[in-house]
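Student: Submitted below is the structure of interest, expressed as structure tokens.
The values are calculated or read from the model by the stated rules, or taken from the named source; none is laboratory data. If you're wondering where the values come from, they're calculated on a predicted model, not measured in any experiment. Quick reminder, even Gly has a Cβ in these numbers, built from the backbone with ideal geometry, and neighbours come from all protein chains shown. Calculation scope for accessible area: heavy atoms of the full protein, side chains included, ligands and nucleic acids excluded. Shrake-Rupley method; radii C 1.70, N 1.55, O 1.52, S 1.80 Å.
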Amino acid sequence: MHNKFLLSLVFYLKCMKEKTIDYILRATWQAVSRMYNEEASKFDGSMAIGFALLSIDKEEGTPSSKISARMGMEATSLTRTLKTLEEKGLIIRKPNPNDGRGVLIYLTDFGKEKREQSKETVLKFNETIRKNISEEKLKNFIEVSEIINDLIAEKKIF
């Protein structure tokens with residue numbers, strides 16, 4: 001029994017020497033998320049707040065359904081984020097003149113200021129990555145990411 005366990009453990013450890021694709025994706029996203037949250041905390045914010053602000057049109061306002069779609073977020077999670085944005089004075093809600101049941105989310109002046117900080121942070125991240133990774137490698141990364149997303153969307157994995 002002891003030897004069988006050790007053999008299983010050795011096999012598992014050998015397999016894990018080569019990291020799985022999902023592990024690499026998850027670990028990379030967690031590192032990016034942690035980096036954005038650390039930066040946002042300097043301005044009393046979070047990554048979710050920054051991405052929400054970037055998903056709201058600066059002048060025209062945006063329906064909440066479009067915000068959640070742009071962020072790839074469930075409506076229930078977005079509700080909490082919007083509540084936080086409202087409490088911080090970053091957004092206001094106004095009735096949608098084209099849809100009596102809906103509301104449009106608008107940035108306040110303070111929200112526009114914080115949106116600009118978020119935009120600068122994202123641009124700095126992208127600029128740093130582009131300076132350190134060749135255009136060819138970035139093109140391959142984007143292509144692979146799109147293929148993975150397509151395989152998932154088309155349910156060709158499970």
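Student: I'd like the full set of residues that are of a type outside the set (A, V, I, L, M) and either open to solvent by 50 Å² or more (accessible area, probe 1.4 Å) or in a helix (DSSP H, G or I) (or both), limited to the range 82-93. I'd like the intermediate steps shown before the answer.
Tutor: Taking the range 82-93 first, the residues of a type outside the set (A, V, I, L, M) are 83-84, 86-89, 93.
Within the range 82-93, K83, T84, E86, E87, K88, R93 meet the criteria.
Student: Let me ask you something else. For the range 94-124, enumerate the residues that are among the basic types (K, R) and surrounded by 15 or more Cβ atoms within 10 Å (Cβ to Cβ). Let's see the steps before the verdict.
Tutor: Looking only at the range 94-124, we keep the residues that are among the basic types (K, R), and these are 94, 101, 112, 114-115, 119, 124.
Those that are among the basic types (K, R) and surrounded by 15 or more Cβ atoms within 10 Å (Cβ to Cβ): K112, K114, R115.
Student: Could you tell me how many of the residues in the range 64-74 are touching a Ser or Thr at 6+ places or on another chain (Cβ under 9 Å) and loosely packed, with under 12 Cβ neighbours inside 10 Å?
Tutor: Counting residues in the range 64-74 that are touching a Ser or Thr at 6+ places or on another chain (Cβ under 9 Å) and loosely packed, with under 12 Cβ neighbours inside 10 Å gives 1.
Student: For the range 88-96, state whether one or more residues are modelled with pLDDT of 95 or more and out of contact with any strand residue (DSSP E or B) (no Cβ under 8 Å at 6 or more places or on another chain).
Tutor: The answer is yes; a qualifying residue exists.
Student: Then there is this: If you check E135 against the conditions, is it closer than 21 Å to D22 by Cβ and not hydroxyl-bearing (S, T, Y)? I'd like the intermediate steps shown before the answer.
Tutor: Numbers: closer than 21 Å to D22 by Cβ: no; not hydroxyl-bearing (S, T, Y): yes.
When the stated conditions are applied, E135 does not pass them.
Student: Condition check: hydroxyl-bearing (S, T, Y), modelled with pLDDT of 95 or more and part of a helix (DSSP H, G or I). Does Y23 satisfy that? Steps first, please.
Tutor: Values: hydroxyl-bearing (S, T, Y): yes; modelled with pLDDT of 95 or more: no; part of a helix (DSSP H, G or I): yes.
So Y23 fails the test.
Student: Please determine, by comparing only the residues of the range 49-82 that are of a type in the set (S, T, Y) and under 12 Å from the mean Cα position of the chain (by Cα), which one is farthest from D99 (Cα to Cα). First the steps, then the outcome.
Tutor: Looking only at the range 49-82, we keep the residues that are of a type in the set (S, T, Y), and these are 55, 62, 64-65, 68, 76-77, 79, 81.
Next, only the ones that are under 12 Å from the mean Cα position of the chain (by Cα) stay: 55, 68.
Numbers: S55: 20, S68: 18 Å.
In this case the residue turns out to be S55.
Student: Among the residues of the range 64-75, is any modelled with pLDDT under 95, acidic (D, E), assigned to a helix (DSSP H, G or I) and over 22 Å from E120 (Cα atoms)?
Tutor: At the first step, the residues of the range 64-75 found to be modelled with pLDDT under 95 are 64-75.
Right, trim to acidic (D, E) and you get 74.
Narrowing further to those that are assigned to a helix (DSSP H, G or I): none.
Within the range 64-75, not a single residue is modelled with pLDDT under 95, acidic (D, E), assigned to a helix (DSSP H, G or I) and over 22 Å from E120 (Cα atoms).
Student: Hey, could you check the range 125-137 for residues that are assigned to a helix (DSSP H, G or I) and over 21 Å from the mean Cα position of the chain (by Cα) and say which is surrounded by the most Cβ atoms within 10 Å (Cβ to Cβ)?
Tutor: Start the filter on the range 125-137 by keeping residues that are assigned to a helix (DSSP H, G or I), which leaves 125-132, 135-137.
In the following step, the residues that additionally are over 21 Å from the mean Cα position of the chain (by Cα) were identified as 131-132, 135-137.
Details: K131: 7, N132: 8, E135: 8, E136: 8, K137: 10.
The residue in question is K137.
Student: Being exposed (fewer than 10 other Cβ atoms within 10 Å of the Cβ) and at pLDDT 90 or above is the requirement here; does E39 meet it?
Tutor: So E39 fails the test.
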